[in-house]
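See below for the structure under consideration.
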Amino acid sequence: MSSFSVTEPSNGQKWFAGILVVLYALITIMPLAWIMMTGFKTPPDSISYPPKVIFEPSLEGYVNLFTTRTRVGQEALDALPPPETWYEEIVRERDMVIAGPSKFGERFLNSVIIGFGSTFLSIVLGTLAAYAFSRFKIPLADDLLFFILSTRMMPPIAVAIPIFLMYRNLGLSDTHLGMILLYTAVNISLAVWLLKGFIDEIPREYEEAALIDGYTRFQAFYKVVLPQAATGIASTAIFCLIFSWNEYAFAVLLTSGTAQTAPPFIPTIIGVGGLDWPAVAAGATIFLLPVMVFTILLRKHLLRGITFGAVRK
Amino acid sequence: MAQIIIKNVRKEFGDFTAVKESSFTIEDGEFFMLLGPSGCGKTTTLRMIAGLELPTSGEIYLDGEEISQKPPSQRDIAFVFQMFALYPHMNVRKNLSYPLVSQGMDRAAVKAKVAEVAQILGIEDILNKPVGGLSGGDRQRVALGRAIVRDPKAFMMDEPLGALDAEFRERMAEELRALHDRMNATTVYVTHDQLEAMQMGDKIVVMNNAVVEQFGTPQEVYDKPATLFVADFIGSPSMNFLRFDGVVEEGATDIKMGEQVVGMPRQMEGARGSLVYGIRPEHIKLTDTGAYRGSVLATEYLGTTQIVTLDTANGEVKARIDSAQPAKVGEAVGLSFDAATVTMFDETTGQALKSELNQEVLARG
């Protein structure tokens with residue numbers, strides 16, 4: 001590379017770009033880092049002023065997140081046998097005993113079931129629909145596609161009241177199935193459009209070759225088209241999962257018990273024993289992890305998903 | 001191996017007619033070329049034979065069996081795509097074994113068959129490579145291998161050399177023809193390159209605007225074109241068309257073209273009005289004494305021959321003559337036409353007029 005290259009950025013430009021990226025990363029990572037740090041603080045540390053950046057880490061937030069506790073008198077406390085586990089010890093120091101497990105585990109599991117369930121369903125339906133739109137002559141295909149897209153033109157929460165009433169009549173309120181169906185309905189338009197773009201990019205000849213080689217249309221679809229659409233499917237899955245994982249408004253409105261997801265549950269921690277910020281932060285941290293892991297695992301696909309179509313292969 | 005009969009096949013896509021009623025027969029073991037400009041319906045015809053498109057009407061017979069509405073998997077026809085369409089997520093060996101696996105062949109037999117085909121095509125050393133990094137020629141060979149591996153009744157090839165470099169093209173064309181001669185498989189080959197068609201084909205169908213213009217051997221199509229389009233499309237430079245108003249008498253062997261009388265084969269039908277006197281460049285000689293005059297506009301040197309462009313009373317004419325013969329720009333020369341090779345056309349219909357030369361070919365339609 002000559003030093004006068006037009007397309008290659010100069011060292012100064014590279015440094016400038018690098019500094020910008022680092023600054024941006026710091027700004028975005030800051031709240032995340034703060035939440036994660038708060039999760040490991042003790043309640044007094046978490047509300048101290050000025051805020052403590054250096055502190056003694058404690059697992060109290062996590063213990064409080066997963067348990068319910070009761071305050072007992074000094075005499076009763078003295079009468080108890082010495083604590084058997086590290087988490088009992090933490091609780092005792094605050095003059096409390098563990099009354100039982102909290103509902104966080106269940107709520108988290110609900111989030112997993114509903115989030116991944118609706119993502120899976122969106123992808124299955126979306127891939128089939130996108131394939132059909134991409135490959136077959138469907139009467140009014142353009143109008144249908146527009147109709148599918150139009151369901152995203154208003155914020156989903158705008159239809160919250162009709163959905164609330166419908167769900168009550170249908171018995172879908174506070175059920176896993178209800179939430180999976182709801183999130184699928186919201187995600188499917190995105191899934192169809194994204195996946196159609198990806199499938200359009202796969203030359204038809206591959207399937208035709210498979211048809212000629214003696215496979216049926218459906219075999220050609222899952223043996224030849226699906227493997228090549230993997231990138232698109234992965235990035236679409238991330239988008240769908242992020243939405244249904246993070247969704248708060250519908251979850252507050254439609255779930256309260258059996259099917260309540262983590263987002264509406266985490267704020268309820270506040271108020272049980274005062275402002276227990278470490279427990280809330282711990283809940284948020286744990287809640288973040290699956291999406292983070294999922295996104296990191298599929299990040300190459302995600303990048304390609306965002307930029308696809310920009311460059312001709 | 002098989003004979004393929006196309007009978008009154010028609011294909012419409014909505015309002016657009018891709019192929020109008022077309023009929024021709026592909027004999028067992030023939031290397032059959034579908035030739036025409038892009039958009040003429042040749043690829044659609046090929047895809048209908050393979051089953052990738054279903055004809056709107058008409059019949060297709062493969063070995064006497066009507067197959068026009070059957071799915072491709074039940075036709076036992078192989079297809080080589082222009083962009084090869086090798087399965088990108090599989091290596092070469094898997095690509096080759098894929099058609100056999102679909103038939104439920106057992107592993108050992110698949111392995112033996114793939115090895116045999118790889119040996120025929122000389123691709124044994126790349127069997128375990130992914131198809132992504134292969135050169136154009138190797139991709140082409142793998143695509144051919146995938147086609148021949150299951151011994152189909154016939155091969156369909158859609159411009160298989162179109163994606164290759166010019167230098168590689170010729171070598172693959174030879175390899176392809178050698179492979180065909182060795183396997184004696186009925187092959188239908190789509191191309192827009194008339195040289196490729198002439199060079200490789202046993203028979204050629206020339207299509208234009210969804211219609212079969214002519215169907216015959218390369219010699220027939222070249223020497224006895226049935227329409228103005230065929231005469232123009234085949235040959236480089238193409239046939240000269242000397243346009244004039246006149247009358248062709250049945251049985252005549254010459255015709256008055258403007259002031260001059262020129263020769264032609266004995267005509268079997270009469271015509272009047274706008275006529276075209278069609279003659280190939282190599283059938284024109286430059287003589288000082290010729291009565292039909294023209295002046296040299298340009299010369300193109302091609303080694304052993306040269307193409308001389310002349311300005312005449314009936315428009316520009318190109319002659320292919322020996323390069324040793326002098327021809328200077330601006331010089332006035334006489335032209336003499338080899339009368340026996342001439343084809344007369346009726347310009348309004350675009351059809352060739354029947355003569356002693358072409359009556360047999362035209363009678364076949």
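The values are calculated or read from the model by the stated rules, or taken from the named source; none is laboratory data. Quick caveat: nothing in here was measured; it's all calculated off a predicted structure. Quick reminder, even Gly has a Cβ in these numbers, built from the backbone with ideal geometry, and neighbours come from all protein chains shown.
Data table
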| read-out | value |
| --- | --- |
| Any hit, region B:173-191, residues being in contact with a helix residue (DSSP H, G or I) (Cβ under 7 Å, 6 or more places away or on another chain), within 20 Å of B:I5 (Cβ to Cβ) and part of a helix (DSSP H, G or I) | no |
| Breaking point among (1) surrounded by 22 or more Cβ atoms within 10 Å (Cβ to Cβ); (2) at positive phi; (3) in contact with a Pro (Cβ under 8 Å, 6 or more places away or on another chain); (4) not polar (S, T, N, Q), for B:G41 | (3) |
| Unmet requirement for A:A230, which otherwise passes all of (1) away from every other protein chain (no Cβ under 14 Å); (2) within 27 Å of the chain's Cα centre (by Cα) | (1) |
| Single residue of A:P43, A:P83, A:P51 found to be surrounded by 12 or more Cβ atoms within 10 Å (Cβ to Cβ), in contact (Cβ under 8 Å) with a residue 60 or more places away in the chain and not hydroxyl-bearing (S, T, Y) | A:P43 |
| Single residue of A:I161, A:I113, A:I138 found to be surrounded by fewer than 21 Cβ atoms within 10 Å (Cβ to Cβ) and not in a helix (DSSP H, G or I) | A:I138 |
| Residue match in region B:210-222 (condition: part of a helix (DSSP H, G or I), over 30 Å from B:A112 (Cα atoms) and in contact with a Leu (Cβ under 6 Å, 6 or more places away or on another chain)) | no |
| Matching residues, region B:40-72, being touching a residue at least 60 places away in the same chain (Cβ under 8 Å) and at the interface with chain A (Cβ under 8 Å from one of its Cβ atoms) | B:A50 |
| Positions within region B:146-176 being within 14 Å of chain A (Cβ to nearest Cβ), within 24 Å of the chain's Cα centre (by Cα) and at pLDDT 85 or above, in sequence order | B:A147, B:I148, B:P152, B:K153, B:A154, B:F155, B:M156, B:M157, B:D158, B:E159, B:P160 |
| Matching residues, region B:73-86, being within 7 Å of another protein chain (Cβ to nearest Cβ), assigned to a loop (DSSP other than H, G, I, E, B) and surrounded by 21 or more Cβ atoms within 10 Å (Cβ to Cβ) | B:F81, B:A85 |
| Boolean, B:F13 is aromatic (F, W, Y) and touching a strand residue (DSSP E or B) at 6+ places or on another chain (Cβ under 7 Å) | no |
| Candidate set from region B:116-130 (those that are assigned to a helix (DSSP H, G or I) and hydrophobic (A, V, I, L, M, F, W, C)); member that is nearest to B:R75 (Cα to Cα) | B:V117 |
| Matching option when the condition is within 26 Å of A:E208 (Cβ to Cβ) and modelled with pLDDT of 90 or more, among A:L177, A:L125 | A:L125 |
| Any chance B:L52 is within 20 Å of B:V212 (Cα to Cα) and either outside any strand (DSSP E or B) or not hydroxyl-bearing (S, T, Y) (or both) | no |
| Residue list for region B:329-360, restricted to those being on the phi < 0 side of the Ramachandran plot, under 27 Å from the mean Cα position of the chain (by Cα) and assigned to a loop (DSSP other than H, G, I, E, B) | B:D338, B:V342, B:E347, B:T348, B:T349, B:L353, B:K354, B:E356, B:L357, B:N358 |
| Criterion (of a type in the set (D, E, K, R) and either assigned by TED's automatic domain parsing to the domain that holds A:H176 or in a loop (DSSP other than H, G, I, E, B) (or both)) met by exactly one of A:K14, A:K52 | A:K52 |
| Scope region B:31-60; condition charged (D, E, K, R) and closer than 17 Å to B:F79 by Cβ; matching residues | B:K42, B:R47, B:E53 |
| Among the candidates B:K113, B:K94, residue that is within 13 Å of another protein chain (Cβ to nearest Cβ) and either surrounded by fewer than 20 Cβ atoms within 10 Å (Cβ to Cβ) or not in a helix (DSSP H, G or I) (or both) | B:K94 |
| A:S134 touching an Asp or Glu at 6+ places or on another chain (Cβ under 8 Å) and more than 14 Å from every other protein chain (Cβ to nearest Cβ) | yes |
